[in-house]
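Below you'll find the structure, written out as structure tokens, and then a few comments.
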Amino acid sequence: MSIIQYKDIIEEGDLVLIYINRSQLKPITIRKGDVLNTRFGSFPHDSMIGLSYGSQILTSKGRGFVYLLHPTPELWTLSLPHRTQIVYTPDSSYILQKLDVVAGSRVIEAGTGSGSFTHAFARNIGETGKLFTYEFHEARYIQAKKEFSEHGLDKVLTCTHRDVCKDGFVVGKEQINGDAVFLDLPAPWEAIPHLEKVIAKDRRVGICCFSPCVEQVMKTVEALNENGWTKVEMTEVSALTWESRKEMVREVGDAIKRLKDVKRRQREGIEQLKKLKKKEEEEREEEEEEEEEEEEEKKKKDGEIEVEHASKKRKYEKQPKEKDRDRGYNPFGKGRRVAEGEEDFEWFDVSKNEREIKTHTSYLTFAVFVPQLTPRENGEIK
Amino acid sequence: MSSVHRQEVIGYDDWAILTLPSSATKIIQMRRGGTISLGKFGVFKVDNIVGYAYGQSFEVLEDKEVQPMKSISYGMEDNSESREATPGLDFQSSEDNRDLLDRGSENQKITAEEIEKMKKEGSGNEVANKIIEKIIQGHGSFDKKTIYSQEKYLTRKQKKFTRRFTVNSLTTSNLLNHIRKDRDPERILGLSEETLGLIMSHANVMPGGNYLVMDETGGLIVYSMLERMQGNGSITLLHENDQPKLALFRHTNYTEEELSEMVKPISLLEFIDPKGSRSSFVPLPEEVVDGMSEMRKTRYLRRVKRVRQVNATLDMVEGNSFDGLVYVSTINPVTFVPDIIDRLKGSRSFSIYSQYKEVLLGLNHILLRDKRVLLPNIYESRVRKFQTIPGKVHPLMTSIGGGGYVMSGIKVFPKEGAVASGRRSKKRRAEEAEAAVKLQKVEGEEDGDENAKPQGEVEEDYTTSD
């Protein structure tokens, strides 16, 4: 199979992304006889063969389920085993758009890293394009190359173990003719001078350098200017994911009603308390005497905090058991809990961010290289 | 392969985008022997720019001639080698601006009339240099400015007067930014370049795919997808009128034929009722067709082709065989998207765009409970540009607002009676959420893991079934 070509039915040898829950996507390769174990139960691979992508499957006991998803570069980005910091979709999608990476494009990528962005490049260029990706870390290179083969990307890319800063980009005799360049390197300025040999000479070439620090950007900008790149532009992508929520429409009139209710209850309570008072007083007289003595001692020891605590405790004990009483909905805590969006209540459709948001990934430094063609000789077009 | 559109070298009859020093843009067509007027920036002959690579910059000379330039700002930028574009600049500058008084127009001795008169003295860029020189000489307190301030002033004047331009190819981004910055962003529903990128990636748009599309941007979405697919795959274009509205294509390099080969229009009515929309047309026997006059035959064959096309499109709809959905429309997606979901193949993605997050929120609430959809997420992406002058790096002070939002999701086939085993007690859920947060922190420090989101309560309620 190929990650960059949709298929409909799951077969042996396919890469399937198992959707376990929102935060768990597990890549597996379908092998007859293998079993996938999750905390929701076991799923034999045999039961997946022949199903449509997107199918939901249940455990034999029917207790748990997972979904069988077709890999896409974006899902792969969420599920891949991290070996390095990776380029996430908000950055990668903007870079693809701005560098105009489309079917047939010839792309140069260094370094390969975990191979996340490589998949998105491969998707965009398709089989008419070509991607040259370089990684200087041997173990990462081997792992990435293996994954690319398993994902059916061999046709569209050449993965090379190479330190491009030292040894440049030339591979074998193949004309690279890159028209889009992506450098995700600690020192892109060391690789930029080597690009001249491998970029296209008959058309505009775009570049994007991906660096987290401003200092790196400044060195990169200098190198780009020195090596004939123009239209240098530095940008930063900030992305947010929004969760939809419902916020109850609470009105001040309700709050006032509630306050009136509390007041009424208090009044009722006082009446009742008066009735109980005599009885209680008799019962408690002895007890309180003892307590007071204790308190006096504590006061000397610990100050007034303890006293407050003790009196609170007593107050609490005095209150009737309200828990069991059905008071209907009460927007101020006690009473029935209302689920978000429950009918019979009015709701605002609202949204909020995730708990933790990415505030910085990297700066993107774009530039173009325009070959200075000479279409005219003595005023005539060649 | 047909409709492959990779513009590399400026050619005759091409549609392209010109960029001026002020960064204003203009769509033009390269007519053989024609001239293109840039208003106050001069005039040039098309023949003079044909044959250069797209991206090439030129300076306008006298007599509609041009001089190729390395870049539009060559010799003008603060960080470039020299300011050769404006010679004769040798001024004193100040350490700071304590002596600089804002006296408005009193500071400038050159009048607007004088500048206008000078502009008419020639049609080449020489004039621009002269004007800038005069303006600086006429500036009463130019020497009271700091060197930085002088540079800035100069750059501003150069942007205003320099007679240069860049010829850019009609990439989707160039076209989008032209509409967004120089036309009306509302025409493309406020869509920004970064959001378009998100739409395309989240819908997994690639060569060879068969996509269902709603496009209310006059064709920008269709254009973007055609550019990405380069003749490989298909677009079934849902429209709400007699004909799809693709006004943008009038000024592009796609021909009618190329469009009709890749883009299959289908009205909402046909889409909702594919069976009832099938043509009852019965082809005539061959001998009848052979006996027709040429004109009648052509008309007949065209009709047969059209019927076949419509039926093929309806087959796609009835076969639920789309590889993705890109929805860019002001028709409330709540009223339509749930009906479209079934038309997608399994495990295919969709992108729904709206200029307003609120519109997507309503849909998100519905799809969170829809078992046919996984990961319905709303995304926002905003790009910020920076000034990169050494020692003076900072984000630009202003940029265009808006840009829109994207909701994506994945279509799946839910199974009857699937019960989540994930329902746990509130206490346990709370514990797990806490553990997940801890885990996320640890992993986040290691490699910035995005996956380990804490499992919120609501999320649990929605994702578990029954």
Surrounded by 21 or more Cβ atoms within 10 Å (Cβ to Cβ), in contact with a Ser or Thr (Cβ under 8 Å, 6 or more places away or on another chain) and away from every other protein chain (no Cβ under 13 Å): is that true of A:Ala144 in this structure?
yes
Odd one out for B:Ser141, checked against (1) modelled with pLDDT of 80 or more; (2) open to solvent by less than 20 Å² (accessible area, probe 1.4 Å); (3) among the polar types (S, T, N, Q); (4) more than 27 Å from A:Ala367 (Cβ to Cβ):
(1)
Residue under question is A:Glu236, and the condition is that it be in a strand (DSSP E or B), within 14 Å of chain B (Cβ to nearest Cβ) and modelled with pLDDT of 95 or more; does it hold?
yes
Criterion violated by A:Gly113 - all others in (1) within 8 Å of chain B (Cβ to nearest Cβ); (2) buried (at least 21 other Cβ atoms within 10 Å of the Cβ) satisfied:
(1)
Can we say B:Arg156 is in contact with a strand residue (DSSP E or B) (Cβ under 8 Å, 6 or more places away or on another chain), in the same structural domain as B:Ser22 (by TED's automatic domain parsing) and either open to solvent by less than 20 Å² (accessible area, probe 1.4 Å) or more than 20 Å from B:Asp14 (Cβ to Cβ) (or both)?
no
From the set of residues in region A:198-217 that are more than 23 Å from A:Ile86 (Cβ to Cβ) and open to solvent by 40 Å² or more (accessible area, probe 1.4 Å), which is nearest to the chain's Cα centre (by Cα)?
A:Arg204
Across region A:368-381, which residue is modelled with the highest pLDDT among those that are open to solvent by 80 Å² or more (accessible area, probe 1.4 Å), part of a loop (DSSP other than H, G, I, E, B) and more than 7 Å from chain B (Cβ to nearest Cβ)?
A:Thr374
Of all residues in region B:212-245, which are in contact with a Lys or Arg (Cβ under 9 Å, 6 or more places away or on another chain) and among the hydroxyl-bearing types (Ser, Thr, Tyr)?
B:Thr217, B:Ser234, B:Thr236
Quickly run through region A:5-37 and pick out the residues that are in contact (Cβ under 8 Å) with a residue 24 or more places away in the chain, part of a strand (DSSP E or B) and facing chain B (nearest Cβ under 7 Å).
A:Tyr19
Quick check on B:Thr313: is it at pLDDT 95 or above and assigned by TED's automatic domain parsing to the domain that holds B:Met214?
no
Given the conditions (1) without any contact (Cβ under 8 Å) to a residue 60 or more places away in the chain; (2) touching a helix residue (DSSP H, G or I) at 6+ places or on another chain (Cβ under 8 Å); (3) crowded, with 19+ Cβ neighbours inside 10 Å; (4) in a strand (DSSP E or B), and given that A:Leu68 satisfies all but one, which numbered condition is not satisfied?
(2)
Test result for A:Ala191, buried (at least 18 other Cβ atoms within 10 Å of the Cβ) and within 12 Å of chain B (Cβ to nearest Cβ)
no
Just to be sure, is A:Leu80 more than 7 Å from chain B (Cβ to nearest Cβ), touching a helix residue (DSSP H, G or I) at 6+ places or on another chain (Cβ under 8 Å) and in contact (Cβ under 8 Å) with a residue 12 or more places away in the chain?
yes
Take A:Ser92 and tell me if it is buried (at least 19 other Cβ atoms within 10 Å of the Cβ), assigned by the TED database to the domain that holds A:Cys208, free of Cβ contacts under 8 Å to residues at least 40 places away in the same chain and part of a loop (DSSP other than H, G, I, E, B).
no
Residue pairs qualifying under the 6 Å Cβ cut-off, at least six apart or on distinct chains, with the first in region B:380-391 being of a type in the set (Asp, Glu) and the second being part of a strand (DSSP E or B), are B:Glu380/A:Leu240; B:Glu380/B:Tyr405
Test set (1) facing chain A (nearest Cβ under 9 Å); (2) in contact with a strand residue (DSSP E or B) (Cβ under 6 Å, 6 or more places away or on another chain) - B:Thr19 fails condition number:
(1)
Which fully enclosed strands (runs of 3 or more DSSP E) of region A:152-228 have 2 or more residues being within 21 Å of B:Phe386 (Cα to Cα)?
A:180-183, A:205-211
For region A:38-74, how many residues meet the condition of being at the interface with chain B (Cβ under 8 Å from one of its Cβ atoms) and modelled with pLDDT of 90 or more?
15
Looking only at region B:21-56, count every residue that is within 19 Å of the chain's Cα centre (by Cα), buried (at least 20 other Cβ atoms within 10 Å of the Cβ) and not in a strand (DSSP E or B) and tell me the total.
2
Given (1) in contact with an Asp or Glu (Cβ under 9 Å, 6 or more places away or on another chain); (2) farther than 17 Å from B:Glu126 by Cα; (3) within 14 Å of chain A (Cβ to nearest Cβ), index of the condition B:Gln29 fails
(3)
Check B:Ile389, B:Ile366, B:Ile331, B:Ile340 and return the single one that is more than 10 Å from chain A (Cβ to nearest Cβ) and open to solvent by 20 Å² or more (accessible area, probe 1.4 Å).
B:Ile331
Looking only at residues in region A:239-258 that are out of contact with any helix residue (DSSP H, G or I) (no Cβ under 8 Å at 6 or more places or on another chain) and facing another protein chain (nearest Cβ under 7 Å), which one is surrounded by the fewest Cβ atoms within 10 Å (Cβ to Cβ)?
A:Thr241
Check A:Phe43, A:Phe65, A:Phe117 and return the single one that is touching a Leu at 6+ places or on another chain (Cβ under 6 Å) and over 26 Å from B:Asp342 (Cα atoms).
A:Phe43
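The values are calculated or read from the model by the stated rules, or taken from the named source; none is laboratory data. Keep in mind that this is a model prediction, so the values were computed, not measured. Note that each Cβ is placed from the backbone with ideal geometry, even for glycine, and that neighbours are counted across all protein chains shown. Accessible surface is based on the protein model in full, side chains and every heavy atom, while ligands, DNA and RNA are left aside. Shrake-Rupley method; radii C 1.70, N 1.55, O 1.52, S 1.80 Å.
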